[in-house]
Amino acid sequence: MLSYRHLFHAGNCADVFKHALLTRLLAGLGRNPNPYFYLDTHAGIGRYDLTRPWAQKAREFEKGISRLRERADIPEALRPYLEMVRAENPDGKLRYYPGSPLIALRLRRKDDRMVFNELNKSDCADLKTLTAREHRVAVSMMDGYQTLKAFLPPAERRGLVLIDSSFDRAREFPRLVRALTEAHERWATGMYAVWYPLMDADTMAAFERNLRRTAIRKILRLELAVAPQDQTLTIPGSGMLVVNPPWHFDTEARPLLQWLWRALAVEGAGGTRVDWLVPE
Ligand SMILES: C[S@@+](CC[C@H](N)C(=O)[O-])C[C@H]1O[C@@H](n2cnc3c(N)ncnc32)[C@H](O)[C@@H]1O
């Protein structure tokens, strides 16, 4: 039923982009002493062994996380994320890559509450094993968009929802806009981080138009493209919408994405974008 397996892609450019931003968003929430809630609607297995055959097949991590580990000029804002990757690999060799649930667990304070959802049965079982000893952490196995109805609004009244669907087709864009609209109706003050691949210009224009038509305000758009649009085998890059981002997140993210672009771009292709798709 679910053909997408994240193990093929773990640690690639899209993961680096997404996880670097996720780390900053969670660190921002952690600066306020009140507990927060974190929901990961499409969580994956949480920790990826890059020596396994699936990861070895395309070795996508070599164009992503491996490149960053070679650099000596890491910006301050990226250090906590890279420290997490390093902590998974104490002998210095890159073998384990942390997915979004593990990143969230590492940044969690004792009263923060988390729900990780994954529809693939065996991935969900792996996730349960990974989180078995954690308090205030639940794992569920349902459609990711249904979790928005099941768990929002949270009692904490502050927190982050990561929507990181497998996105194998362009038709996911309208589903995403619907889901985000419904979630926002349930919890308008929540922070939402929504990952998406960069696809053809018509698809992206329709996505933008549909988002502008919703009642949602404060939508920050962040994008990182590392390959030319005409490389048809793979997507040129990816984006993340952040609804209700932390104060000055745009200013913080701009140099971070510029640095990532310089580190990851193929022969200077692509670029970055940070702008308000819908302002306040
Ligand atoms: C891009 S991966 C998630 C990666 C993860 N968020 C991370 O950053 O480490 C998408 C995940 O969604 C799962 N999935 C696919 N369809 C789903 C659905 N309808 N509901 C929930 N999860 C789904 C896939 O099995 C896959 O593990």
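The values are calculated or read from the model by the stated rules, or taken from the named source; none is laboratory data. Given the structure is predicted, the values throughout are model-derived calculations rather than measurements. In this analysis, Cβ positions are derived from the backbone assuming ideal geometry, glycine residues included, and neighbour counts consider all displayed protein chains. For accessibility, only protein heavy atoms count, side chains too; no ligands or nucleic acids. Shrake-Rupley method; radii C 1.70, N 1.55, O 1.52, S 1.80 Å.
Side notes on the structure shown:
- Across region 238-254, a minimum of one residue is classified as open to solvent by less than 10 Å² (accessible area, probe 1.4 Å) and over 20 Å from ALA77 (Cβ atoms).
- When we screen ARG95, ARG109, ARG113 for residues that are open to solvent by 50 Å² or more (accessible area, probe 1.4 Å), more than 25 Å from HIS184 (Cα to Cα) and touching a Gly at 6+ places or on another chain (Cβ under 9 Å), the only hit is ARG109.
- Residue match in region 50-59 (condition: open to solvent by 10 Å² or more (accessible area, probe 1.4 Å), of a type in the set (A, V, I, L, M) and either modelled with pLDDT under 95 or away from the ligand (no atom under 12 Å from the Cβ) (or both)): yes
- Residue list for region 219-237, restricted to those being buried (at least 17 other Cβ atoms within 10 Å of the Cβ) and either aromatic (Phe, Trp, Tyr) or farther than 24 Å from ALA43 by Cα (or both): VAL226, ALA227
- Scanning region 121-166 for residues that are within 11 Å of the ligand (Cβ to nearest atom) and free of Cβ contacts under 8 Å to residues at least 40 places away in the same chain, we see that the one that is most open to solvent (accessible area, probe 1.4 Å) is LYS121.
- Checking LEU180, LEU241, LEU277, LEU198 one by one, the residue that is touching a residue at least 40 places away in the same chain (Cβ under 8 Å) and closer than 23 Å to TYR81 by Cα is LEU241 and no other.
- Among residues of region 12-48 being open to solvent by 30 Å² or more (accessible area, probe 1.4 Å) and within 11 Å of the ligand (Cβ to nearest atom), the one that is farthest from VAL266 (Cα to Cα) is HIS42.
- Reported count of residues in region 75-93, each being away from the ligand (no atom under 16 Å from the Cβ), touching a Phe, Trp or Tyr at 6+ places or on another chain (Cβ under 8 Å) and closer than 21 Å to LEU7 by Cα, is 1.
- Taken residue by residue, region 4-11 has no member that is over 20 Å from LEU224 (Cβ atoms), away from the ligand (no atom under 16 Å from the Cβ), in a loop (DSSP other than H, G, I, E, B) and not acidic (Asp, Glu).
- Restricting region 167-199 to residues that are near the ligand (Cβ under 10 Å from one of its atoms) and open to solvent by 40 Å² or more (accessible area, probe 1.4 Å) leaves a set whose member that is nearest to ALA43 (Cα to Cα) is ASP168.
- Test for ALA72: is it in contact (Cβ under 8 Å) with a residue 60 or more places away in the chain and either away from the ligand (no atom under 12 Å from the Cβ) or within 20 Å of the chain's Cα centre (by Cα) (or both): no
- Residue list for region 255-280, filter: among the hydrophobic types (A, V, I, L, M, F, W, C) and in a strand (DSSP E or B): VAL274, TRP276, LEU277, VAL278
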